[in-house]
Amino acid sequence: MELYGFKVPRFTALLFWAALWEFVGQFELLLLFPPLSEVLMALPDVLTTPSFGEAARLTVASYLGGLTLAIVIGVGLGMLMGLVKAADNLLNMWVNIFLSAPLSALVPVIMILFGMGMPTVVVTVFMFAVWIIALDTRAGVLHVSPSLMEMSRSFGASRVARFRIILWSAMPEILAGVRLGVIRGVKGVVIGQLLVSIIGVGALFSLYSQNFLMAHFWALILILFAFALTLADLIARLETRIEYYAGARA
Amino acid sequence: MNMNTAINIQEQAATDAIIEVRGVHKVYGETVTALQDINLDFNRGELTSLLGPSGCGKTTLLKIIAGLLKPTSGEVRVNGRPVTGPGPERAFVFQDFALMPWATVVRNAAFGLELQGVAKAEREARARHYVEEVGLAGFEDKYPHELSGGMRQRVGLARALAVDADVLLMDEPFSAVDEQTRRKFQEDLIRLREVENKTFILVTHSIEESVYLSDRIIMLSPRPGRLNRIVTPEIDRSGDPDLIRRNPEYLDLIDEIWTGLRAYVE
């Protein structure tokens, strides 16, 4: 980043906004906006309460559960759509609808079906993450180089061997889908818990906002953001490695 | 007595023609005739080129021989047995290399053997041998994207050689590499033929390339693809490969073929 001809490190931008937050917060204009320093002070407080530990455990468990389900079913669904034309005709429109539909509106229905507990959150995470994974997997399968398939046939590849080639060829797209699914899944876990609002971080959010503990509220948001971005970054790293191998695909 | 002669003739035929193409037609869709009534023999140990302008069906013919495409009618026999699909006695070299980007040079070269179920240690040893033979020693553990186009095609060639097929089917193997690399590759192929006793069928649209490399050139004419002419270049390739390019026979034959093909371009 360059500013008036000076080289400045990129995180300066972050410092700028943090300073602005602190500055505006100091005026105590809104109860909603405590200064950043106060939020940071609340961080250890939030992290050490037993209810946070319990909420974090539940959040992580339902997130990972929903995401695993989404990856397994999403990749399977995408493979099916990429390989079987009939399945694609049948499913493509619906997957696209679910991809862009406001899924939050479905959470109450999920709640009726699965109750006011963890299963609802797991299903919400799944619903948020699965469609993009399925669509990206489908795209990956459709882009497998025809000559690579011809090659495997000419050397006498079995069905299983050909399937392995398709899976590996589609891996860059699958991982791109998983990365987006990971981010959407975080949305799912938060929205699910907020709407259920008696478990996990959703319960904490309600607790903090109802008691006007805004510093704690923001601290919890910071923690969730950090969690989501760290996960997405981990997947992105894995992805660049695979992209690297896929560089010669064309 | 009579029977003996019959057997002799059969044996004779078996040693000469490794691939027989009999009455092959190929129609795409309902209307596009890619190949019309192709009858051909490919002799064991020879390098035969299929030459012709684009649209003459030369790649289609090669893929039918490979068993990757089915002819609309007619049949292909390899070693006297009708082709129903790909087989271990034929190996294919692809125009766009068709390497697995996630696998190293050795794994790519060993892929045919891997599919045949050869144990890992043995297939890698054999793959390494052929990787070296095609001039890629030192690149065994590189990935395809770390190699130039010419080097990638060498991996494709090593993969085809490693399965020890009788016939190597090459689909415009040098068309995606630059001119200098192509020339070097062609020279190396001449040398390779002295070591590897194999039958080569090479699809090309380059007149120079076909004359430079082949024992026999089969010229196809386009739309519909038909047998046009068979040329047998008699060029001594034992000496310096560079000298061939100045050989008057080589140059004359190129001219002659061009005169024949010109009609299809104009």
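The values are calculated or read from the model by the stated rules, or taken from the named source; none is laboratory data. Quick caveat, the model's predicted, so the values are computed rather than measured. Note that each Cβ is placed from the backbone with ideal geometry, even for glycine, and that neighbours are counted across all protein chains shown. What goes into the accessible areas is simple: the full protein's heavy atoms, side chains included, and nothing from ligands, DNA or RNA. Shrake-Rupley method; radii C 1.70, N 1.55, O 1.52, S 1.80 Å.
Structure notes:
- The mean sequence distance of close C-alpha pairs (under 8 Å, at least 6 residues apart), as a share of the length of chain A, puts its relative contact order at 25 percent.
- Ordering of A:228-234, B:129-135, B:188-194, B:58-64 by packing [mean C-beta count within 10 Å, highest first]: B:58-64, B:129-135, B:188-194, A:228-234
- Sulfur and carbon atoms: percent of accessible area, region B:133-263 [1.4 Å]: 45
- Residue-normalised accessible area of chain A, expressed per residue, 1.4 Å probe, Å²: 55
- Rolling a 1.4 Å probe over the protein chains gives residue B:31 an accessible area of about 120 Å².
- Carbon/sulfur fraction of accessible area - chain A, other protein chains in place, 1.4 Å, %: 74
- Principal axis extents of the Cα atoms in region B:71-206, from largest to smallest and rounded to whole angstrom, are 45, 39, 29.
- Per-selection Rg to Rh, chain A - Cα, Kirkwood hydrodynamic radius: 1.08
- Largest mean-square fluctuation among A:79, A:93, A:116, in a Gaussian network model of chain A whose springs join Cα atoms under 10 Å apart, belongs to A:93.
- For chain B, the share of DSSP beta bridges that are antiparallel, to the nearest 5, is 50%.
- Largest first, the residues B:161, B:69 sort by 1.4 Å accessible area into B:69, B:161.
- Alpha-carbon gyration tensor eigenvalues x 5, square-rooted, for region A:10-101, Å: 44, 20, 12
- Shielding by partners - mean other protein chain Cβ count within 10 Å, residues of B:96-108: 5
- Those lysines that a straight Cα-Cα span of less than 29 Å connects to residue B:198, excepting residues fewer than 8 apart in one chain: B:26, B:58, B:63, B:70, B:120, B:142, B:184
- Solvent-accessible surface (1.4 Å probe) assigned to residue A:48 amounts to roughly 110 Å².
- Net length available on complete extension from residue A:32 to residue A:238 is 70.3 nm, with 0.36 nm assigned per residue and the Cα-Cα distance removed.
- Chain B: C-alpha pair distances exceeding 33 Å, %: 22
- Residue A:16 exposes around 120 Å² of accessible area when a 1.4 Å probe is run over every protein chain in place.
- Two tests apply to each whole DSSP H helix in chain A, Cα reach of 20 Å or more along its axis and mean Kyte-Doolittle hydropathy of at least 0.5, and the ones passing both are A:11-26, A:50-83, A:85-100, A:118-142, A:159-196, A:214-246.
- A simple spin-label model places the labels of residue B:230 and residue B:175 2.4 nm from each other, with each point 7 Å out along Cα-to-Cβ.
- Each Lys or Arg adds one and each Asp or Glu takes one away; over the other residues whose Cβ falls under 12 Å from the Cβ of residue A:39, this sums to -3.
- The ellipsoid that matches the Cα gyration tensor of the protein assembly as shown has semi-axes, each √(5λ) in whole angstrom, of 64, 26, 20, with the longest given first.
- When Rg and Dmax are taken over the Cα atoms of region A:113-242, they come to 20.2, 70 Å.
- Relative contact order (%) - region B:12-168, alpha-carbon pairs under 8 angstrom, separation at least six: 22
- Once B binds A, the 1.4 Å probe can no longer reach about 2000 Å² of accessible area, counting both sides.
- Accessible surface, region B:54-170, averaged per residue in Å² (probe 1.4 Å): 36
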